[in-house]
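Single-structure report; data block below.
No lab work stands behind these numbers, since they all come straight from the coordinates. Quick caveat, the model's predicted, so the values are computed rather than measured. Virtual Cβ from ideal backbone geometry, glycine too; neighbours counted across all protein chains shown.
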Amino acid sequence: MEYRNVDFNADKNKQYEAVRKAIARKYSYSGDVDLFGPEESSAIPEDVEESQRKELVEKDHERLFQGDGKDKRIAAKSGSRKFVMEFYDVMSTVSGIMASRKKKLSSKELTWKPNESYQQSSATVKLEEGKDFIHTDVLPQLEDAILDLGCGTGELSAYLAELVGLKGYVIGVDPDFSRLQLAKETHRHVENLSFIEGNSNQFEGMGSEKFDIIFSNLVIHWVPDKSKAFRNMFDSLKVGGKISIQYSDIIPPFMATSYEVLNPEKYEKLSNMFHLAKRDDVDLLCARAGFDVVKSYYPKYTKDLFPSVESLLQWLVGTSHGVFDLRLVTQERVEQLLQKFGNPPFDFTENSFDCRLVAVKPRSQTL
Ligand SMILES: C[S@@+](CC[C@H](N)C(=O)[O-])C[C@H]1O[C@@H](n2cnc3c(N)ncnc32)[C@H](O)[C@@H]1O
């Protein structure tokens with residue numbers, strides 16, 4: 001206990017002075033120790049709720065550090081030992097908050113690479129949802145030829161490759177070179193899987209009419225020219241082939257809130273990365289490209305689970321290709337976020353904002 005050095009038999013002002021000095025030392029306060037401390041002492045009663053306690057401490061913080069500069073020495077209200085101890089605890093908490101507010105995140109966290117962060121998040125947060133989509137709406141058959149448009153780090157491409165067997169194959173394309181490199185390294189032993197740089201305007205097999213299925217998971221909301229993307233997919237499918245795509249039609253609320261609180265300086269840039277369109281409009285663009293839309297719906301819910309603040313941060317860095325800036329995330333901002341989300345684990349299970357669309361290239365075209 002830090003107040004072991006306080007002489008409780010001493011004059012009350014001396015006791016407080018000892019506490020002030022101990023706290024000032026602990027938090028490397030560089031100003032005048034005589035002026036360090038609240039104008040009035042404020043013992044917090046023991047029976048207050050945890051949340052209320054925090055509020056009281058916050059109030060003390062305001063008074064402590066944003067006061068009007070008058071004499072901030074303690075008015076000795078009570079000579080009791082308990083009172084001095086409480087004073088120490090309040091000061092300690094308040095000063096701790098002060099110290100942590102300025103703290104940036106640790107250097108370990110700052111060194112996350114966007115592609116690796118993405119891969120980890122992709123393998124944990126979204127994998128099950130992707131697999132569920134595959135078994136509900138993609139339904140690959142043995143020997144199918146599949147294009148995975150916007151494959152990221154390729155976790156679902158590899159899963160599809162397994163499902164189509166060695167007589168089938170999967171080609172994953174993505175414009176993010178570093179994600180693609182990681183996909184190649186990670187899945188290099190999968191024989192019927194290849195990764196080639198490309199995007200919805202320019203990809204391996206475009207116009208070839210060779211694919212049975214074009215799968216695209218959580219990509220179309222990044223694509224500015226969706227009409228062109230649908231036309232390109234249409235031209236690349238066998239007659240009777242299908243597209244199975246899943247996309248978001250809003251920025252997931254937990255992400256919008258995280259951007260706003262943790263990266264307000266980058267909020268606009270982060271939001272503008274999305275090219276959102278309403279589900280009805282996407283269906284229309286798809287039909288205009290010549291497809292028969294056979295299914296378009298919202299699954300019941302979207303599940304995004306994060307065991308810790310770090311895993312959420314990793315997701316934000318990874319999914320934004322590194323635009324989300326960890327250097328702007330101070331402890332104070334994390335605390336603000338926790339006030340909104342509660343403590344981890346975070347379960348952002350919400351009514352779904354991911355749309356699923358299945359459309360077929362018809363045998364007789366009526367264009
Ligand atoms: C949320 S990730 C999804 C990755 C993968 N489909 C999955 O489910 O794990 C979206 C991917 O779309 C890619 N992307 C962005 N714009 C694209 C475009 N115009 N054409 C193809 N892919 C694109 C990004 O590079 C990113 O890897």
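May I ask for the Kirkwood hydrodynamic radius of the stretch 208-342, worked out over all distinct Cα pairs and given in angstroms to one decimal? Mean inverse Cα-Cα distance, inverted, gives 16.9 Å.
Our coupling estimate for the stretch 167-180, obtained by passing each phi through the Karplus curve with A = 6.51, B = -1.76, C = 1.60 and θ = phi - 60°, is 8, x, 7, 10, 10, x, 10, 7, x, 7, 4, 5, 5, 5 Hz, Gly and Pro reported as x.
Note on Ser208 and Gln336: the model spin-label points, each 7 Å out from Cα along the C-beta direction, lie 5.0 nm apart.
Kirkwood's formula applied to the C-alpha pairs of the stretch 226-278 gives a hydrodynamic radius of 13.6 angstrom.
Length available on full extension from Leu305 to Ile250: 0.36 nm per residue minus the Cα-Cα distance, which gives 18.0 nm.
By the count of neighbouring beta-carbon atoms within 10 Å, fewest first, Lys184, Lys210, Lys300 end up ordered Lys300, Lys210, Lys184. Listed peptides 150-159, 341-350, 281-290, 168-177 appear in the order 150-159, 168-177, 281-290, 341-350 once ranked by packing, highest mean of other Cβ atoms within 10 Å at the front.
The translational diffusion coefficient of the stretch 160-274, from Stokes-Einstein at 25 °C and 0.890 mPa s with a Kirkwood hydrodynamic radius over alpha carbon pairs, comes to 153 µm²/s.
Legend: residue pairs Lys113/Lys226; Lys113/Lys266; Lys303/Lys340; Lys113/Lys167; Lys226/Lys269; Lys126/Lys269, Cα-Cα distance threshold 26 Å; pairs beyond threshold, Lys113/Lys226; Lys113/Lys167.
Sorted fewest first by neighbouring Cβ atoms within 10 angstrom, His189, His275 come out as His189, His275.
In plain terms, the residue of His187, His135 with the fewest other Cβ atoms within 10 Å comes first and the most crowded comes last, giving His135, His187. Convex hull of alpha carbon positions in the stretch 140-214: directionally averaged projected area 4.2 nm².
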